[in-house]
Amino acid sequence: MNSTILGQPTFDDELLSPDIAHIEEMPHPLDQCDEFTSGKWVNMPLFNESGKRNDGIFRDFDAPSSATSLVAEVPYIAEIINRSFSKDHLIMARLRNVLDWSVIPIVISSS
């Protein structure tokens, strides 16, 4: 199955700047999947199953997700999510601050 971009929200840099500054000042929680990363990948859940801000594990579940307390700390990003996505179908939304990382691209071809 090929991936397809369903939509691309636009951002106002002036409105986004305070949220980004706040994210950079936030304490970095322990990454629950550290063994799968290269560099430092800091997950900050905005919406998840439990509604807990320290729960960064993705789980597949049927119910709509719950907002964590982090949502109130990044109001513009929360507004973009609320405007762009149906909360009835949202399972998880998280901020990811990636520091000193590297990516090794892997291409899988069926031909």
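The values are calculated or read from the model by the stated rules, or taken from the named source; none is laboratory data. Bear in mind that the values here come from a model prediction, so they are computed numbers and not experimental data. Cβ: placed from backbone, ideal geometry, glycine included. Neighbour counts: every protein chain shown. These area figures cover heavy atoms from the full protein model, side chains too; ligands, DNA and RNA do not enter into them. Shrake-Rupley method; radii C 1.70, N 1.55, O 1.52, S 1.80 Å.
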Handout entry: Counted residues, region 43-74 - those being under 21 Å from residue 21 (Cβ atoms) and touching a residue at least 12 places away in the same chain (Cβ under 8 Å)
Key = 11
Exercise for the section: Take region 6-57 and flag every residue that is at pLDDT below 80, part of a loop (DSSP other than H, G, I, E, B) and open to solvent by 70 Å² or more (accessible area, probe 1.4 Å). Expected result: 6, 27, 28, 30, 32
Problem - Among (1) open to solvent by less than 60 Å² (accessible area, probe 1.4 Å); (2) modelled with pLDDT of 75 or more, the one test that residue 60 misses - result: (1)
